[in-house]
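Report on the structure given below.
We did not get these values from a lab; they are worked out from the coordinates using the rules stated. The model shown is predicted, which means the values in this text are computed figures rather than measured ones. For neighbour counting, all protein chains shown are included, and Cβ atoms are generated from backbone atoms with ideal geometry for every residue, glycine included.
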Amino acid sequence: MKKTSKFTKDILTGIITGIVSTLIISWFITPLTNLIFPKVIVFLENISMPFVDYLYRCAATYTIERTGLLNLTFSSTCTLFCIFSSTFLFSSIKSETQDKLDKVNNLLDPPKEMSSNQRLQSLKEDKRYFQKTLKLYKKLSTAYLVSILLTCIMILFSEMAQIYEASISTVTRTNIEIVSPYISDQEYKQLKSDFFLIKTKDDYDNLQKELEIISENNQVDLKE
């Protein structure tokens, strides 16, 4: 019965995490990506142009199925991260609590053969032990919080990068279809080919310029 209850609880936790993570992507991460990621791209161009080219190369092969995988990946990552974090935290607290409890029990019920001087010496040693433990605990807590922050930043950046890829892929595909009535079938196929053959950001920029020229010549508004 307990195993069934735990299994049901795990399923409910996974479902709730999936719903919450999807809402986070739709209401928070996507608008944030549209706002700041183009600026991030400009910054990354000065640091790692190959990585920027990789993002645009991935955008050319982005499919709608990957949107579902994006939500699933984000949900799974958040779930595993929460499980790992809580397990690590509780195990650390349990270990520290047990050690302190053993020390307190020894102080409250010392061995009968201990003299007063021995008890005093034991108290001094315990005090030093608690002081060292407290310092170690503070250092571990700081390291733990920093690791959580860095993990969250990496998860957020990864999701934002995939959302950006999906965005520029969808917009470019849509714009090709928008200008398609105003160009020949051969030109349309060439635009599609240029899109799927994108290898660098320069390739993407050149394709955008072609689309803008066609839209201006035919007074058609492209999707932004």
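Below is a table of values for the structure above.
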| read-out | value |
| --- | --- |
| Relative packing of 160-169, 28-37, which averages over residues the other C-beta atoms within 10 Å, highest first | 160-169, 28-37 |
| In the range 143-200, the trypsin sites (Lys or Arg not before Pro) that fall in loop regions by DSSP, at most 13 other Cβ within 10 Å | K199 |
| Taking the convex hull of Cα positions in the range 152-217, its mean projected area over all directions (nm²) | 4.8 |
| Unsatisfied cross-links (Cα-Cα over 30 Å) in the set K39/K209; K39/K138; K39/K135 | K39/K138; K39/K135 |
| Extension reserve of the L32-F157 stretch, reckoned as 0.36 nm per residue once the Cα distance is removed | 43.9 nm |
